[in-house]
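In what follows, a structure is listed as structure tokens, so that the remarks can point back to it.
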Amino acid sequence: MLSLVSMRVKCPLCGRSLMDEAHKLDNEPAISLRFRLEGEEGWIRLSSVYGSFLVESEFPIPNGGLVEFLCPGCQQQLKSTVSCEVCLAPMVPLSLEEGGRLFICTRRGCRKHFLEFEDAVVALSRFYDKYCFDANLPPDHRGELTEVREEYVTRPKVTMGTGTYLYAYCPHCNQSLIEKNTIYFVLVDRQGREGRLALSPYLNVFTHLSTVEIPEGEEVADLLCPHCHHSLMEPEKPCERCGARVTRITVSAMKKLITFYICLRKGCTWHGVSNEDTQLIALQDSLEW
């Protein structure tokens, strides 16, 4: 099971911390907010563990109910122009202390939430500096980092299971490749035509859609980042199944960023991680077992 991350958030309007150190959910400080439902207002606490949906509230919220969230400090309603891709309800932004925002759906029972980093270079650096393995060591134990890592590597590998959501980023400009719950690339075929390639962001789910038709078994000429238009080809590493060229992206896993490879031959479902990352991570149903 992948390690869980406890998010520390603050009000996006007044900057006040929303962390409730006195009340814990999932053994971590809860996110404390006010909420309004059909004219009635009360307190609500959300688990700060990313991926957990544990909630406590002053009075019951019916499944499917739409709530308004308010900052307990400035009393302002928290809202955005973003709608949930699952149920179309409004999404509420909470600012991360490390930079970036956490969006949560306002419909009770909907589990949609996501992270957004406006300045990926700075925010991602701060985020992973805080949450990666070595950053959690006490200051007086930083000198033991090498020994701790060696001990950690001897443990069973963490497995990224089928269906794991891959938060994908360009390794060159660090911008997110996720758009509308899909990983997008600029595709270049062998005739030099450019199009859009959409891939499922879920591990071992191989659904895709391309605006340029690629014959089965043919290699894509190139995949480009849709932001910086940089080639994502990795010339030094071939596909370990069919020998075709591969593309390289960055994904978040186990509180760190890892290198992730995808075969460029249509129909080949091989993907893998770097040799360094295979010391800690295995992909379910992959060659890294």
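Within the stretch 17-57, the only residue that satisfies the criterion of being part of a loop (DSSP other than H, G, I, E, B) and modelled with pLDDT of 95 or more is 18. The condition (being crowded, with 19+ Cβ neighbours inside 10 Å, under 22 Å from the mean Cα position of the chain (by Cα) and not assigned by TED's automatic domain parsing to the domain that holds residue 252) is satisfied by just one residue among 87, 71, 105: 105. Take residue 46 and decide whether it is touching a Gly at 6+ places or on another chain (Cβ under 9 Å) and surrounded by 14 or more Cβ atoms within 10 Å (Cβ to Cβ). Taking the combined requirement at face value, the residue does not satisfy it. Within the stretch 74-92, the set of residues being out of contact with any strand residue (DSSP E or B) (no Cβ under 8 Å at 6 or more places or on another chain) and modelled with pLDDT of 95 or more comprises just one member, 74.
Residues are listed down the side, and each one gets a yes or a no for (1) over 19 Å from residue 182 (Cβ atoms); (2) out of contact with any strand residue (DSSP E or B) (no Cβ under 7 Å at 6 or more places or on another chain); (3) touching a residue at least 60 places away in the same chain (Cβ under 8 Å):
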site: 207; (1), (2), (3): no, yes, no
site: 212; (1), (2), (3): no, no, no
site: 223; (1), (2), (3): no, no, no
site: 240; (1), (2), (3): yes, no, no
site: 244; (1), (2), (3): yes, no, no
site: 258; (1), (2), (3): yes, no, no
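Can you find even one residue in the stretch 184-194 that is within 28 Å of residue 82 (Cβ to Cβ), touching a Gly at 6+ places or on another chain (Cβ under 6 Å), among the aromatic types (Phe, Trp, Tyr) and outside the structural domain of residue 87 (by TED's automatic domain parsing)?
Narrowing the stretch 184-194 to residues within 28 Å of residue 82 (Cβ to Cβ): 184-187.
When the remaining residues are screened for being touching a Gly at 6+ places or on another chain (Cβ under 6 Å), the result is 187.
Keeping just the survivors that are among the aromatic types (Phe, Trp, Tyr) gives none.
The answer is no; no qualifying residue exists.
The values are calculated or read from the model by the stated rules, or taken from the named source; none is laboratory data. Since we're looking at a predicted model, the values are computed, not measured. FYI the Cβ positions are ideal-geometry reconstructions off the backbone, even for glycines, and counts take in every protein chain you see.
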